[in-house]
1. Peptides 538-551, 168-181, 400-413: what's the order by average Cβ count within 10 Å, highest mean first?
2. Shape call for the stretch 150-218 from the C-alpha gyration tensor, a ≥ b ≥ c root eigenvalues: rounded (a/c under 1.5), prolate (a/b greater than b/c) or oblate?
3. Whenever you get a sec, compute what percent of the accessible area on the chain sits on carbon and sulfur atoms (1.4 Å probe).
4. Would you please give the FRET efficiency between R381 and R554, computed as 1/(1 + (r/R0)^6) with r the Cβ-Cβ distance and R0 = 45 Å, to the nearest 0.05?
5. Considering the alpha-carbon set of the chain alone, what are its Rg and its Dmax in angstrom?
6. Return the sequence-ordered ³J(HN,Hα) values of the stretch 558-565 in whole Hz as given by the Karplus equation 6.51 cos²θ - 1.76 cosθ + 1.60 applied to θ = phi - 60°, using x for Gly and Pro.
7. Can you give me the distance in nm between label points at A232 and A604, each placed 7 Å from the Cα along the Cα-to-Cβ direction?
8. Compute the distance in nm between two label points, each set 7 Å from the Cα along the Cα-to-Cβ direction, one at L157 and one at E108.
Amino acid sequence: MKRLPIRRAGNRLVINAAIVAVLLTVVVLGFSVSARQERMARDARAAQHLAQTADQVKYRSADLNGWQNAYALEITRDVEGVDEDTAESRAQFVEAAARFDTELNALEALSASPEIEETVRSIRSAFDEFMLVDQRVVQLYRTGGAENRKAASGLILGREVKLYGRIAQGCDASVTLATRAMDSHFARLDEVGRTTRRYIIMLCAVAVALAVTGAVLAEARRRADAERARQAQRMACLGQLAGGIAHDFNNILGIILNYTDFVAENAAAETRDDLAHIRRAAERAVGLTGQLLGFIRHDDVRLEVFDANTVLAESHALLARTLGEHVVLTTVPSPDPLFIRADPGQLQQIVVNLAVNARDAMPDGGTLVIAATAVDVEDGRPGLRPAVKAGRYLELIVSDTGTGMSPETVSRIFDPFFTTKPKGRGTGLGLATVHGIITAAGGSVNVVSRPGIGTTFRIYFRLAENFFETSKPSGGGTTDAPRGHGQTVLVVEDEPVLGAGIARILSTAGYRVRSATSGAAAITAYAHDGCDLVVADVVMPEMSGPQLAEVLRRTDPALPVLYCTGYADETLGTDVLQPGVVCLEKPFSAGQLLTAVRDALDGAAQRAPA
């Protein structure tokens with residue numbers, strides 16, 4: 001009953017997990033993108049260096065071409081000494097060739113694409129062949145003779161020009177390819193940056209949306225918690241109010257029942273019949289008060305073995321007056337006794353809660369069936385909440401022909417504060433209370449519902465093995481009740497008429513009785529004559545029953561005290577009874593009172609030292 005709403009907690013968990021996932025994604029994305037950009041930046045810088053080197057080779061090739069042209073012109077003019085390495089044009093050509101070779105070596109050493117490497121190899125091949133041809137030209141020129149010099153001029157103007165064309169073409173191609181690779185690397189780097197920025201913006205937007213959703217859910221949770229606290233406070237106030245009303249009403253019922261018995265003792269037969277009607281009406285009122293107390297008594301569970309058919313009969317009498325004429329109520333008790341060990345009041349509370357919900361689900365009328373039977377439940381039976389061990393069980397069926405529920409609603413109907421009713425008409429505690437009572441008693445429940453068809457609750461309680469533990473109500477008379485032997489009983493009751501009735505019952509049973517209507521009067525009476533037993537109301541003005549007992553036991557620590565109360569439990573305000581203290585609930589019959597008095601006196605005698 002005190003579980004958190006699972007679905008709302010699951011939503012908060014999902015949102016928190018999503019926010020963490022987004023943050024981790026941002027971190028991982030940032031790390032991976034940073035590493036990728038570093039690699040791409042290195043590749044871009046390498047491509048840039050390659051393009052610059054290729055451009056430098058192209059520049060050196062132009063320089064080589066210029067000095068080769070000057071050198072070739074002097075060769076074709078047959079300038080004397082042009083073949084000497086010291087000649088200006090020859091020396092400049094050789095130096096330009098050396099610079100070109102150095103730059104080409106640098107270009108070859110750089111990492112490049114296969115296409116660029118192939119182009120560089122073609123430049124190297126053309127340059128090497130160019131230099132071999134130049135050596136052949138120098139050799140022919142130095143040999144002398146018109147034919148040799150003519151052949152040298154032909155090589156210069158023919159073969160060398162073609163080879164240089166290949167060199168220049170290769171240099172242009174290498175520059176173009178390297179520049180294209182550089183531009184591609186920088187473009188990819190820019191694209192990765194833009195894509196990363198988009199992803200980061202998207203993730204930040206998701207994170208903001210999740211944070212806003214989380215804030216909204218947190219605010220909704222805060223409001224729901226505040227509403228639950230207000231509901232719980234209202235329920236607590238209602239419980240205190242109902243407890244106070246029940247206390248006063250039980251005092252009135254005690255007076256009615258006891259004085260009805262007093263009158264019946266000397267009344268004529270016809271009058272006794274009339275008094276019997278009064279007693280039955282009062283006993284029905286006691287039952288109604290008991291239901292009220294059972295609702296607000298959260299922890300005071302009174303287990304006993306009883307026939308569930310009796311609860312069905314009592315519930316039928318109650319519901320027939322409260323459900324309304326538009327609901328056809330049918331109860332089907334079992335032909336055989338169905339003894340279970342549970343709290344009868346709580347079982348009736350289960351039936352009443354389910355019946356009221358069924359009535360609300362049938363605004364235009366319908367049929368409500370409440371049936372009880374014995375069934376065998378096997379291990380692992382599906383649909384039971386919670387699962388139970390195999391055995392023979394009472395199956396209590398509450399079935400209606402109402403609007404029904406969806407599977408999503410059925411999965412949540414036992415959640416505290418969950419309700420499908422309009423605001424202000426339901427607290428969401430009815431079915432949660434039902435489920436708590438069932439599970440606390442070791443039972444289980446199965447719910448089957450179809451929208452537009454109706455809902456069926458099947459409640460299972462294990463059948464009791466010992467049928468002889470059944471409780472029997474104490475009669476109203478004193479014929480079989482234990483009697484006293486002149487013991488003195490001090491009756492302390494702030495309701496004078498009820499106190500007089502208690503005193504009359506005890507006096508008739510052979511006890512000497514002294515009465516008081518307050519704690520102070522009781523202390524005075526005890527100081528004069530003492531007593532063997534104190535019968536005291538728990539809650540009284542100025543001094544409660546436990547406070548009175550504490551004062552009297554300063555004189556006689558072994559003094560027995562029998563408490564009486566009309567409240568739902570043994571605690572109200574600061575009046576707390578110690579565990580194990582005997583407390584007689586109002587209204588009680590003469591037989592119940594005399595039995596409790598005898599038990600209290602016998603218990604005191606057994607505790608007294610020998």
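The values are calculated or read from the model by the stated rules, or taken from the named source; none is laboratory data. Everything numeric in this text was worked out from a predicted model, so none of it was measured. Backbone-built Cβ (ideal geometry, glycine too); neighbour counts: all protein chains shown. SASA here: full protein model, heavy atoms, side chains in, ligands and nucleic acids out. Shrake-Rupley method; radii C 1.70, N 1.55, O 1.52, S 1.80 Å.
1. 168-181, 538-551, 400-413
2. prolate
3. 56 percent
4. 0.15
5. 53.1, 175
6. 8, 5, x, 10, 10, 8, 10, 8
7. My value for the distance between the label points is 4.2 nm.
8. Placing both labels 7 Å along Cα→Cβ, they lie 3.3 nm apart.
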